[in-house]
1. Based on what the data block shows, is Glu48 part of a loop (DSSP other than H, G, I, E, B), more than 18 Å from Met114 (Cα to Cα) and either at pLDDT below 90 or not aromatic (Phe, Trp, Tyr) (or both)?
2. Out of Gln30, Gln91, Gln5, report the one residue that is farther than 21 Å from Val129 by Cβ, outside any loop (DSSP other than H, G, I, E, B) and not β-branched (Val, Ile, Thr).
3. State all residues of the range 116-130 that are over 19 Å from Ile69 (Cα atoms) and in contact with a His (Cβ under 6 Å, 6 or more places away or on another chain); if no residue qualifies, say none.
4. Scanning the range 106-120 for residues that are without any contact (Cβ under 8 Å) to a residue 60 or more places away in the chain, assigned to a loop (DSSP other than H, G, I, E, B) and over 13 Å from the mean Cα position of the chain (by Cα), which turns out surrounded by the most Cβ atoms within 10 Å (Cβ to Cβ)?
Amino acid sequence: MAVIQSFLIGFATTFKYLFRKPVTVNYPEQKVPVFPKYRGKQVLMRDENGLEKCVACGLCSVACPADAIYLEAAENDGTVQAGPRYASVYQIHKTRCIFCGYCEEACPVGAIFMGKDYELAVYSKDDFVWDKAELLVPATATATPAQQEGRDAR
């Protein structure tokens, strides 16, 4: 008798949800909306001129409780699209990062930003370290002549 009762409860539950709107998401085509305060993969920002904002002060590395950030400072000799001082090496170890946001709070120039990316799965153990090339926002296309004139006038 208990077996039949279990089947009836199961069928009743199935029948109850049979005619409701499904709550599934077709994941690759549809993205799940994230909360406004969600902290995902870090992003290194650029300024309005397309230069790297990071001045390699190291405050993000010091503020990181998990010791996940490693950077090396270098002086710009004009070969890098950055300011006079920049981070020649900037790495975040994904296995150590706890996504606390202290690096974002510690940055005096607003160079690091906690993004909204939540697709962080990798296939190789070598991909657990994010390099500067993966973190840096791509540079915008070349400026129009009117924008260059406005930049030169400043």
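1. Yes; evaluated as a whole, the condition is true for this residue.
2. Gln5
3. none
4. First, pick out the residues of the range 106-120 that are without any contact (Cβ under 8 Å) to a residue 60 or more places away in the chain: 106-109, 119.
The next check asks that each one be assigned to a loop (DSSP other than H, G, I, E, B); those that pass are 107-109, 119.
Checking the rest, the ones that are also over 13 Å from the mean Cα position of the chain (by Cα) come to 107-109.
Values: Cys107: 20, Pro108: 9, Val109: 13.
Among those residues, the one meeting the criterion is Cys107.
Okay, residues lined up against (1) over 22 Å from Asp117 (Cβ atoms); (2) touching a residue at least 12 places away in the same chain (Cβ under 8 Å); (3) outside any loop (DSSP other than H, G, I, E, B):
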| residue | (1), (2), (3) |
| --- | --- |
| Thr14 | yes, no, yes |
| Arg20 | yes, no, no |
| Gly40 | no, yes, no |
| Cys54 | no, yes, no |
| Leu71 | no, yes, yes |
| Asp77 | yes, no, no |
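The values are calculated or read from the model by the stated rules, or taken from the named source; none is laboratory data. Because the structure is a prediction, the values reported are computed rather than measured. Cβ: placed from backbone, ideal geometry, glycine included. Neighbour counts: every protein chain shown.
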